[in-house]
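K.L.:
Here you go, one structure.
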Amino acid sequence: MTARFQSTVKVFRLLAGIVAILLSFYLHGVASAAETPSGTLDEFWTLEEFTRKSPKQQMNAEAFAERVAGDAVALSNSGKTVRIAVIYPGSQTSDYWRRSVVSFEARLKKLGVSYEIVPYFSGSSSFVGNQASLITAALKADPDYLVFTLDALRHKAIVQRLIARSRPKVILQNITTPVKSWRDKQPFLYVGFDHVAGTNLLIDYYKKRFGHQKPFAILYGPRGYVSRARGNTFLQAYSDPEVLNLKASYYVGYDRQKSREATTRILADNPDLAFIYACSTDIALGALDAIQEDTEETQVVTNGWGGGSAELEAIAKGDLDVTVMRMNDDNGVAMAEAIALDQAGLQDEVPVVYSGGFELVTSGDSIERIDELKARAFRYSK
């Protein structure tokens, strides 16, 4: 039996397993209580917890962060062409995903890695059937690396099947908290910007501006990991059960129109509202649409999350109050550096988790400061 035939058999077995998982979802209507507004992140290690339990992770993470921050230094490698499949929810207003691919490819070139990359952009990271079909298409090309995002927790079974194999190596994007139940069998790399760390910057901002008990509302994305990490982290820190200052919360997906409609209802029902906490770019822009249309000339403010081009433009106009800005391109650079190290036989130097940095940006910031942050954040994807 040839190696290629064996590889093909393995792929078909994996695809059959994914189909079985999907049938289970549809036939049994799987729903997780953890995906309710009261859901927690207990099934994940926080970045601090994981680093504390693994001294080698801390050492690798610090050295790796220096590589990402610095200029590209090419490593010796086999010279073979590396095949990479990238599955991203690219139809959002946020340019995070598109910039990720641009910075990823730019750094691979700087590092002298020969590669073929095929991006698959889906409409939503929360739709399991859509994501699984894209994985199926990607696996047919037998890639060396598969870049994916774990937002809907129903993806866990699919991802677990992937990382149980030696090929392709899995990079999980937009998540920096390792799954506890996977124990020592973790993906090749978790990469992104820690959602809790970013949210904590917004918590501090709102507490300083409004105090601790002002009435507010939350607009979540789809039910899943990101909404829990961004939305419930904020809820637990700012809500006060004695004064009942949480006035409304809605799951609106990453959908600008649904966000606008929800905000219109919230404003009509809560004339004393101080702010609306938004969990993503599309949500923030939809909330702004409704706020600007409000005939009562409301003073309600909202935030962005991520600091991409659309949010920075809204801040420059004075429409958006604040955002937490990711140093965006570092995520693509980190993936490229990890692959370069792996191809050079230095995979032991790749940390399990890479989490990039944030900066808080407000409508009171100078144009000069924002331009300086843009130069850092978009160093490859200008």
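K.L.:
Please report the accessible area of Tyr254 (heavy atoms, 1.4 Å probe, ligands and nucleic acids excluded) in Å², nearest 10.
P.N.:
50 Å²
K.L.:
On to the next question. Test of the criteria: in the stretch 301-353, which GluC sites (Glu not before Pro) are in a DSSP loop and have at most 16 other Cβ atoms within 10 angstrom of their Cβ? Write out the running numbers ahead of the final one.
P.N.:
On the way: sites: Glu311, Glu313, Glu337, Glu349; in loops: none.
Filter output for the stretch 301-353: empty list.
K.L.:
To continue, here is another question. Under a straight-distance cross-link criterion of Cα-Cα below 21 Å, which lysines are reachable from Lys140, leaving out those fewer than 8 residues away in the same chain?
P.N.:
By straight Cα distance, Lys140 reaches Lys10, Lys80, Lys156, Lys169.
K.L.:
If I take all pairs of Cα atoms in the stretch 256-382, what percentage of them are more than 24 Å from each other? Don't skip to the end; give the middle numbers.
P.N.:
Numbers: 3334 of 8001 pairs.
In whole percent, the share of Cα-Cα pairs in the stretch 256-382 beyond 24 Å is 42.
K.L.:
Then there's this: Can you sort Thr302, Thr81 by 1.4 Å-probe accessible area, starting with the largest?
P.N.:
Details: Thr302 5, Thr81 60 Å².
Largest accessible area first, the residues go Thr81, Thr302.
K.L.:
May I ask you to work out the translational diffusion coefficient for the stretch 225-266 at 20 °C, viscosity 1.002 mPa s, via Stokes-Einstein with Rh from the Kirkwood sum over Cα pairs, reported in whole µm²/s? The partial results should precede the final answer.
P.N.:
Details: Rh = 11.5 Å.
D, rounded to a whole number, is 186 µm²/s.
K.L.:
When only DSSP loop residues count, what trypsin sites (Lys or Arg not before Pro) in the stretch 250-344 have their Cβ near at most 11 other Cβ atoms within 10 Å?
P.N.:
Details: sites: Arg256, Lys258, Arg260, Arg265, Lys317, Arg326; in loops: Lys317.
Answer in residue order: Lys317.
The values are calculated or read from the model by the stated rules, or taken from the named source; none is laboratory data. Fair warning: this is a prediction, and the values are worked out from it, not measured in the lab. Glycine gets a Cβ as well: all are built from the backbone with ideal geometry, and neighbour counts include every protein chain shown. For the accessible areas, the whole protein counts, side chains as well, though only heavy atoms, and no ligand, DNA or RNA atoms are used. Shrake-Rupley method; radii C 1.70, N 1.55, O 1.52, S 1.80 Å.
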